[in-house]
Amino acid sequence: MVQTARTQVAIIGAGPAGLLLAHLLHLAGVRSVVLENRSQQYIEERIRAGLLEQGTVDLLIECGVGERLKRESLVHHGIELRFGGRGHRIDLTALTGGRTVTIYAQHEVIKDLVKARLDAGGEIRFEVSDVSVHDFSGPTPRVRYRESGAERELACDFIAGCDGFHGICRESIPAGVLTVYDHHYPFAWLGVLTETPPVSPELIYTHHERGFALFTMRTTRVSRLYLQCTPDEDLANWPDDRIWEELRARLGTDGGVNLREGPILQKGITAMRGFVVEPMQYHRLFLAGDAAHIVPPTGAKGLNLAVADVRILARALAAHYAGRGMDLLERYSATCLRRIWRAQRFSWWMTTLLHRFPGEGPLRTRLQLAELDYLVHSKAASTALAENYTGLPFDD
Ligand SMILES: Cc1cc2nc3c(=O)[nH]c(=O)nc-3n(C[C@H](O)[C@H](O)[C@H](O)COP(=O)(O)OP(=O)(O)OC[C@H]3O[C@@H](n4cnc5c(N)ncnc54)[C@H](O)[C@@H]3O)c2cc1C
């Protein structure tokens, strides 16, 4: 016998999108249940993004989950662009009238959101399996899943598909409804997490003839470093010594590099992809975050876009339950997509500016260097970078 429960919004996925949506709905008096196929420990330890836009930080603080973030995060006022053996600082704060970016790891955001939900008596069902969504083209959607071997059903008014790129919600929308935009970049990132104090107080984006490199950090004791590599790179070919040698070569300037080696805690390959589906909704099923779009990580937009989507979705659902109709819900996809495409463009621009394109001759490299030179010497061009990097305004 299937056990049935009821809620107002069934949320699939306890990533940043699903958890923040549940929290914002709770603040608006709307009930939800989050269904997650991984364990609490797994999602709280999953290493992913680490850079929060100003608007993301403001929202997390405003909605009451920013206490630890305020205490433990690192606020950055600029970034460095390194090319031709020299570093050039972009003063984000001066160029944007006071805006900043903040380093605070995604899994720390997850811990804060899980705690807020559980402290408020919110329902997150971890380690469920076989999740499937049904009847969302009518007024009584249902979600079916298994928990501890038992079959369960959740009846609801709306389903939020916050189940990431490999989730089931997007695939459940009937064929022919969604237009898919998909682009694979011809390179990937080899990312390492290392117990090494940051070499610089700010991020360093490096254009180099051996390929792109990015220096960033998680805390004052842990650095995150990335190297451009091939999409089918085998991690077995990257012993620690080779990683340090390559980082030293790419991050070096005419004055040398003060990179300190330390234990490598984690290594992984991140594919580079641009992906968007339109629309992000089908009747009573709404997609948010990576379920609807992926950006290459160069512009650090993935997590921030997920936050922006659910901010809009939570407001639209709250307006509906407050008796103000379906208008905002009907406009959800169009509202989100305008900003998503601008972030997609920015991520594409940073990626094409900084990476080495396999098989291409020296012309592209010279054009990239000319653009970088213009970028760091033109206030207009630096301002465009700073505005996009710290995050474009929310559009609602
Ligand atoms: C390896 C990696 C590194 C990244 N690095 C960066 C970075 O440096 N900078 C940056 O900006 N972005 C980065 N990103 C992207 C960023 O982490 C994502 O954009 C962000 O996690 C999106 O949040 P989300 O909630 O939409 O999806 P997710 O975080 O993917 O959350 C989806 C959740 O749904 C769950 N789920 C999936 N399928 C089901 C199912 N069938 N049933 C129930 N639950 C399900 C998953 O377990 C997961 O918890 C990275 C992503 C990856 C994968």
Ala120-Ala28 pseudo-label distance in nm [points 7 Å out on the Cα-to-Cβ vector]: 1.2 nm
Bins of 20 Å from zero: percent of alpha-carbon pairs in the chain: 27, 55, 17, 0
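Within the stretch 334-396, what whole-number % of the accessible surface is contributed by carbon and sulfur, with the 1.4 Å probe and all protein chains included in the calculation? Write down the numbers at each step before the final one.
Numbers: 1970 of 3260 Å².
The computed percentage sits at 60.
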Principal-axis tilt of helix 379-390 within the chain, Cα atoms, nearest 10 degrees: 40 degrees
Per residue accessible area in Å² of the chain, where ligands, DNA and RNA are left out and the probe is 1.4 Å: 43 Å²
Of the GluC sites (Glu not before Pro) in the stretch 147-197, those whose Cβ has at most 14 other Cβ within 10 Å and which sit in DSSP loop: Glu195
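Pull out the extension gain between Ile47 and Gln8, defined as 0.36 nm times the separation in residues minus the alpha carbon to alpha carbon distance; nm, one decimal. Provide the component values of the computation, followed by the final result.
Numbers: separation 39, 0.36 × 39 = 14.04 nm, distance 3.12 nm.
Fully extending the segment from Ile47 to Gln8 adds 10.9 nm.
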Filtered trypsin sites (Lys or Arg not before Pro), the stretch 287-359: DSSP coil and at most 14 other beta carbons within 10 Å: Arg331
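Return the FRET efficiency for the residue pair Tyr321, Val180: r is the Cβ-Cβ distance, R0 is 30 Å, and the value is rounded to the nearest 0.05. Don't jump to the answer; show the numbers that get you there.
Numbers: r = 32 Å, r/R0 = 1.06.
That gives a FRET efficiency of 0.40.
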The stretch 163-206 versus the stretch 273-309: alpha-carbon centroid distance in Å: 10 Å
Lys, Arg +1 and Asp, Glu -1 on Cβ, resulting dipole of the stretch 122-174 about Cα centre, debye, nearest 20: 60 debye
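From the helices alone, meaning DSSP H stretches of at least four residues, give me the mean residue ellipticity at 222 nm for the chain, per-run term -39500 (n - 2.57), in deg cm²/dmol to the nearest 500.
Values: 13 runs with 140 residues, N = 396.
Calculated at 222 nm, the ellipticity per residue is -10500 deg cm²/dmol.
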Modelled label reach - Lys379, point 7 Å along Cα→Cβ, the stretch 66-101 residues with backbone N closer than 16 Å: 90-98
Modelled FRET efficiency - R0 22 Å, Asp254 with Arg366, Cβ distances, 0.05 increments: 0.65
Extension gain, His283 back to Ile168 (0.36 nm per residue minus Cα-Cα distance, nm): 39.8 nm
GNM result for the chain, Cα springs below 10 Å: residue of Pro239, Pro186, Pro16 fluctuating most strongly: Pro239
DSSP bridge pairs, the chain: antiparallel proportion in percent, nearest 5: 70 percent
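The values are calculated or read from the model by the stated rules, or taken from the named source; none is laboratory data. The structure displayed is predicted, hence computed values, not measured ones. As a convention, Cβ positions derive from the backbone with ideal geometry for all residues, glycine included, and neighbour counts pool all protein chains shown. In case anyone asks, the SASA skips ligands and DNA or RNA and just uses the protein heavy atoms, side chains included. Shrake-Rupley method; radii C 1.70, N 1.55, O 1.52, S 1.80 Å.
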